[in-house]
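The values are calculated or read from the model by the stated rules, or taken from the named source; none is laboratory data. As the structure is a prediction and not an experimental result, all values here were calculated from the model. Here Cβ is always computed from backbone atoms with ideal geometry, including for glycine, and neighbour counts include all displayed protein chains.
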Amino acid sequence: MIRMLIAPALAFALTVGYAALVQPAWEPQHTDQLQYLALARGLAERGEFTRATATEAFFPETYRLPGYPLLLAPLCIGGCDHWRIAIAQALLVALLAFLAGALASRVAPRAATAAALATALFLPFAYYGAIALSDLPGAVLFALGIVSWIRAIERRSTWLAIAAGAVFGWAGLMRGALVFAPLVFAGAALLRDRANARVAAASVLATLIVLAPYVAYSETGFGRITGGTSGLVTWLGVFQGRTEASLDTFERAQADEARADIAAFDAIADRRARALAWPPLDDSLGVRARALIAHDPVGWILRAVPRTLELWAGERPVPGGGSTDLALALAAVQLVLVAVAGAGVVLLARRRDHAATVVVVGIMYVWLTALPFQTEARYALPAKMMAIVAAVAFIESRLAARRRAARA
């Protein structure tokens with residue numbers, strides 16, 4: 001029992017240590033924190049999902065999803081103390097290390113402890129646990145949903161499937177890219193065995209129930225099923241890593257027109273008008289992005305390679321965001337992890353058990369749903385724990401093969 005708690009305790013301590021390093025400014029370059037804290041205060045102080053202050057009239061939130069502010073709201077009663085948030089999220093990082101061991105016990109039983117320890121020592125988890133961003137809590141919920149889903153299938157348990165679906169729904173309300181994951185997992189389970197239909201249906205239905213209040217909020221507030229930034233991040237993904245000199249005439253014209261639209265949006269002073277102006281702008285950026293992709297589909301596909309490298313090996317969990325020797329060393333570690341995890345994915349894909357399939361599908365889902373958009377390394381956090389498990393499974397299989405060869 002004590003052995004099982006070592007990795008979670010280490011994960012908790014590292015997260016608290018990061019919190020001590022980044023306070024009192026709490027990484028101000030991550031300005032998303034201000035938006036999440038404003039929404040959490042709206043929920044805590046006036047019981048509404050809005051950035052409006054106590055003295056302002058309500059206006060709907062059209063940019064951020066409600067999953068993370070709902071987590072923060074209880075921590076913001078009496079004021080959003082950032083240390084309170086960091087401690088709570090340190091517990092989530094500890095839970096992630098525990099879940100890594102639980103998942104590894106299904107695909108590499110002899111290496112479950114190693115997977116838990118590797119997850120605890122993977123510094124991006126601790127770094128994002130120390131600051132008020134949705135990425136780490138979303139990754140933990142995704143991992144909890146996966147472990148619950150595997151057990152639901154193994155036991156053919158409707159109740160576990162409902163729990164997994166509800167957790168997946170909350171993860172989707174934190175990170176919009178995760179919203180279709182339960183449908184994908186359900187489809188994979190049905191392809192393996194039609195007898196999984198009952199648990200698959202229960203999981204998807206539970207996800208839809210969790211998502212329904214937000215869909216109703218969005219329809220009422222601004223006439224569409226969701227807000228968010230899908231158009232913006234698709235637009236930014238088209239231009240990621242490119243210079244002005246690399247653009248042709250059509251691309252430059254689209255960029256200039258989009259800049260004019262963004263400048264007009266930025267000039268809106270009224271906060272309610274600004275909120276309601278965001279969805280049309282996001283839609284227009286998405287339309288322009290798709291036109292640019294159609295204009296040069298080959299170039300867009302080729303640029304997916306550097307976006308993939310940024311996604312899987314671009315994390316720099318260094319306070320202040322500066323480039324240091326530690327950041328370079330962490331980049332090298334991440335590249336090694338990606339390579340070994342890739343071998344682990346191939347290994348697990350050859351197996352016939354459900355847990356291995358879920359790990360492979362989960363990793364591929366996060367990767368493929370991130371590629372059409374602007375990629376940042378933190379967007380891959382929901383798959384990083386599974387990548388660690390896949391890497392550990394591969395290493396364990398090689399060591400087992402050597403032991404067999406030695407005995408022979």
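Here are the numbers for the structure shown:
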item: Residues located in the stretch 285-334, provided they are out of contact with any Phe, Trp or Tyr (no Cβ under 7 Å at 6 or more places or on another chain), outside any helix (DSSP H, G or I) and under 30 Å from V22 (Cα atoms); result: G314, E315, R316, V318, G322, S323, T324
item: Every residue from the stretch 221-231 that is in a helix (DSSP H, G or I) and either free of Cβ contacts under 8 Å to residues at least 24 places away in the same chain or crowded, with 20+ Cβ neighbours inside 10 Å (or both); result: G231
item: Positions within the stretch 278-334 being over 23 Å from the mean Cα position of the chain (by Cα), at pLDDT 90 or above and of a type in the set (D, E, K, R), in sequence order; result: R288, R290, D296
item: Residue within the stretch 82-103 that is part of a helix (DSSP H, G or I), out of contact with any strand residue (DSSP E or B) (no Cβ under 6 Å at 6 or more places or on another chain) and under 30 Å from D270 (Cα atoms) present; result: yes
item: Members of the stretch 247-275 found to be more than 28 Å from T369 (Cβ to Cβ) and of a type in the set (A, V, I, L, M), listed by number; result: A253, A260, A263, A264, A267, I268, A269, A273
item: Residue count, the stretch 1-60 (criterion: of a type outside the set (G, A, S), farther than 22 Å from A94 by Cβ and more than 21 Å from the chain's Cα centre (by Cα)); result: 15
item: Test for I85: is it β-branched (V, I, T), buried (at least 22 other Cβ atoms within 10 Å of the Cβ) and touching a helix residue (DSSP H, G or I) at 6+ places or on another chain (Cβ under 9 Å); result: yes
item: The stretch 191-204 - residue that is surrounded by 15 or more Cβ atoms within 10 Å (Cβ to Cβ) and of a type outside the set (S, T, Y) and, of those, farthest from the chain's Cα centre (by Cα); result: N196
item: For I268: the one exception among (1) assigned to a helix (DSSP H, G or I); (2) of a type in the set (V, I, T); (3) farther than 30 Å from A393 by Cα; result: (1)
item: Where G67 falls short, out of the listed (1) on the phi < 0 side of the Ramachandran plot; (2) surrounded by fewer than 20 Cβ atoms within 10 Å (Cβ to Cβ); result: (2)
item: Unique residue being over 22 Å from A120 (Cβ atoms) and surrounded by 18 or more Cβ atoms within 10 Å (Cβ to Cβ) when the list is Q29, Q33; result: Q33
item: Failed criterion for A253 (all others in (1) part of a helix (DSSP H, G or I); (2) more than 29 Å from T308 (Cα to Cα) hold); result: (2)
item: When residues of the stretch 88-138 are limited to those that are surrounded by fewer than 22 Cβ atoms within 10 Å (Cβ to Cβ) and without any contact (Cβ under 8 Å) to a residue 40 or more places away in the chain, the one nearest to H30 (Cα to Cα); result: A88
item: Pair list, Cβ under 6 Å, 6 or more apart: the stretch 266-290 residue in contact (Cβ under 8 Å) with a residue 12 or more places away in the chain, other residue polar (S, T, N, Q) and in a helix (DSSP H, G or I); result: G286/T234; R288/Q254; A289/T234
item: Qualifying residue in the stretch 45-61 (condition: free of Cβ contacts under 8 Å to residues at least 40 places away in the same chain, in a helix (DSSP H, G or I), closer than 16 Å to G138 by Cβ and not β-branched (V, I, T)); result: no
item: Complete set of residues in the stretch 232-252 that are surrounded by 14 or more Cβ atoms within 10 Å (Cβ to Cβ) and charged (D, E, K, R); result: E251
item: Residue within the stretch 169-181 that is surrounded by fewer than 21 Cβ atoms within 10 Å (Cβ to Cβ), in a helix (DSSP H, G or I) and of a type outside the set (G, A, S) present; result: no
item: Some residue of the stretch 236-248 being more than 29 Å from S134 (Cα to Cα), assigned to a loop (DSSP other than H, G, I, E, B) and hydroxyl-bearing (S, T, Y); result: yes
